[in-house]
Structure formats: structure tokens, C-alpha cells
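Peer 1: One structure is given below, represented as C-alpha cells, and several questions about it will come after.
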Amino acid sequence: MTHTRPTISAVIVTFNPHFQTLGRQLESLAGQVDNIVIVDNASSEDVGAWNESLSLKAGKTIRLDDNYGVALAQNRGIEWAKSMNSSHVLLMDQDTIPKSNTVAVLFDTYERLTLNSVRVGAVGCCYQENDQAELSGFFRYSARPGHRNIHGRDGENEIECELLIASGSLIRMDVFDDVGLMEEGLFIDQVDTEWCLRAQKKGYRLFGACHAVMQHELGLYRKRIWFLRWRETSVHKPFRYYYMLRNSILLLSRSYPAWAWKRFEMERLIMMFVFYGVILPNRIPRLKMMLKGIGDGLNGRMGKLSL
């Protein structure tokens, strides 16, 4: 694909968004990307009408007629970006607000690595839940426990990592052409993990840009609890644990994920089941969803949760 100049389209997936946060996101993105598309998963309020009322708004709103999940919505946005001859896609969740220079840092990192003959799959951001929170690191599942979350050192511009969350990830369009789009049957959770594993199997490498920062919300709320040590953890609505367990089991059965990821993921699933299903208070709704997710994963069931 030939482009006269690089053009970046931001793809924002929404489902019953908090409009104040989404408005702040659009204001931040307006001067950083060439195009913005919102793909809405049938929210209860009219996101398109809200968008049209703004002075700084997305150039396109695609309203789906049902909630088809994050993967399908991302794919519709990527397809729209391709129709606009975009060279790069920036994937965004509805609750992610990039800093004013975030996209420029992502793009410069991508271009510099590519010019050095690195086969880049995606470049992602570090994030924080608010301005006072600690910055996240970047993840390597092949490292030993306690060394998997890596932070940039002074003077370090990027870190090679092994997984990136989708929100805040910059991906070149020809990489999608080669690796493929997001797997729609997963619906939500592990969608970005699956794509990263597939890209790595194709020989692409993933990088975190140390100076690309975004504000990003994790979970329904945060809770501090003792589990081998004091730790803070994100707690989600019970249905999310269905997808987490089911989709991990589905991916574990496949041939292309690296063995290092499979070993890490099996350890993580055991810890998750014990922590969220047994130790954490109000566990019964989560435990039921986990058990259903395990059953459906073993049976190869995909798509939207059916109760």
C-alpha cells in the first residue's frame, strides 16, 4: 500500500460511555490524528447525536444495531480507516485520554524502529489511572515472576515487550493486512492478547514507548487486599470473568501462542480463580461466571455470553 504521507486514524469503541470522559478524549485526539471514528456498540444513548453537538468531534460515527463486542467494533473501525487510505490505526477505548504528545511519540518510535529494519507489529503507551498514580510498565510473559512488568530507565525511549493492551496501540495498516484483524468470536477480553500472539508468530515485534502516556481506567474499582503480600487489584463486573477464563482456555488450546505465554497463562488462571473466586469478598457471582467460562472454553464456545 502506497501513501503520499502517513495518515493516522483513531478508532474509538464505545458502549454506554461516560460522555464527559469521551469528550476529553476527543479534545485530546483532535490535534494528534488525521481522522477519528467512533464505533458504538448500540449504547442506550445516541452517541452519534452527542458527537454532532460538539465543536471538536469525531469525523465519523458508526452505530451498530446490537452489542457485538469490542473485537467486531474495532474491525469495523479499522475497515473504515482503510477506506480513508490511512497508513496507521490508533486503537482507543472509550475511557482512555492520551497526553498532548502521545501520538507523535508513538509514531516517531514506530518510524525510527522501522527505519532500523525492525519488523514492528505495534507500539503502545504506558498508562496511569490518574495524574497522581504510578505509570504502568510493559509486560514480558517470558520473564520470571517479579520481573515481568518492566519500566523504562533514564534515557530509554522504548522497551521491547510481549503483550500490549489494545487501547493506545499504534499499528500500521499493512501489518493488519498481513496478521489479520481482531478475532470477533472472543467478543471482549484477551482480544488484544490473541492479536499480539498471532503477530509474534508472524515474526513481528511489540514495543512500549516510554514517553507515550495516557490516562486509562482499569476495572470497576480498585481494592487493596492481602494475597501473599499487600497488593492493589482491579475488580470487574462478574460477567467479565466469564470472558477472561473462557477466552484464555480457548487460546491455550491453539498452536500458535508461545509456550512461555501458555505457562504464564496457566499460572495466572489458577491465581485468578483462587483470588477472585475464593478469597475476595462477594465472590459467588464471580465464581459462577468463572465456572461457566471454564466450561464454555473447554467446549470451544465463542461469541457473546448466553445466560
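Peer 1: Under a Cβ-Cβ cut-off of 9 Å, what is the net charge of the residues other than Ile62 that fall near it, where Lys and Arg count +1 and Asp and Glu count -1? Don't skip to the answer; put the middle values down first.
Peer 2: Working: positive: Lys60, Arg63, Arg76; negative: Asp40.
Computed value for this residue: +2.
Peer 1: Counting only protein chains, not ligands or nucleic acids, how are Tyr204, Tyr242 ordered by accessible area (probe 1.4 Å), most first?
Peer 2: Working: Tyr204 25, Tyr242 5 Å².
Sorted by accessible area, descending: Tyr204, Tyr242.
Peer 1: So, taking all protein chains as they sit and a 1.4 Å probe, how much accessible area belongs to Thr61, in Å² rounded to tens?
Peer 2: My reading of the accessible area for Thr61 is about 40 Å².
Peer 1: Still on this model: Need one number: nm distance between label points at Ser55 and Asp154, each 7 Å from Cα along Cα→Cβ, rounded to one decimal.
Peer 2: 4.2
Peer 1: Between exposed GluC sites (Glu not before Pro) in the chain, where DSSP calls loop and at most 13 other Cβ atoms lie within 10 Å, what's the longest gap? Write out the running numbers ahead of the final one.
Peer 2: On the way: sites that count: Glu45, Glu134, Glu156.
Maximal segment without exposed cleavage sites: 157-307.
Peer 1: Return the calculated 222 nm mean residue ellipticity for the chain, to the nearest 500 deg cm²/dmol, obtained by summing -39500 (n - 2.57) across DSSP H runs with n ≥ 4 and dividing by the residue count.
Peer 2: Details: 9 runs with 110 residues, N = 307.
Only helices count here, giving -11000 deg cm²/dmol.
Peer 1: Of Lys57/Lys99; Lys262/Lys304; Lys202/Lys304; Lys237/Lys288; Lys237/Lys292, which pairs sit farther than 19 Å apart, going by alpha carbon to alpha carbon? Intermediate values should be presented prior to the final figure.
Peer 2: Numbers: Lys57/Lys99 17 Å; Lys262/Lys304 24 Å; Lys202/Lys304 28 Å; Lys237/Lys288 12 Å; Lys237/Lys292 15 Å.
Checking Cα-Cα distances, Lys262/Lys304; Lys202/Lys304 exceed 19 Å.
Peer 1: Take the chain, mark every one of the trypsin sites (Lys or Arg not before Pro) that falls in a DSSP loop and has at most 14 other Cβ within 10 Å, then report the longest stretch left between them, sites excluded. Don't skip to the answer; put the middle values down first.
Peer 2: On the way: sites that count: Arg119, Arg153, Lys202, Arg229, Arg254, Lys304.
It runs 1-118.
The values are calculated or read from the model by the stated rules, or taken from the named source; none is laboratory data. Note that the coordinates shown come from a computational prediction; the quantities given were computed from them, not determined experimentally. Note: ideal-geometry Cβ built from the backbone for every residue, glycine included; neighbour counts use all protein chains shown. SASA here: full protein model, heavy atoms, side chains in, ligands and nucleic acids out. Shrake-Rupley method; radii C 1.70, N 1.55, O 1.52, S 1.80 Å.
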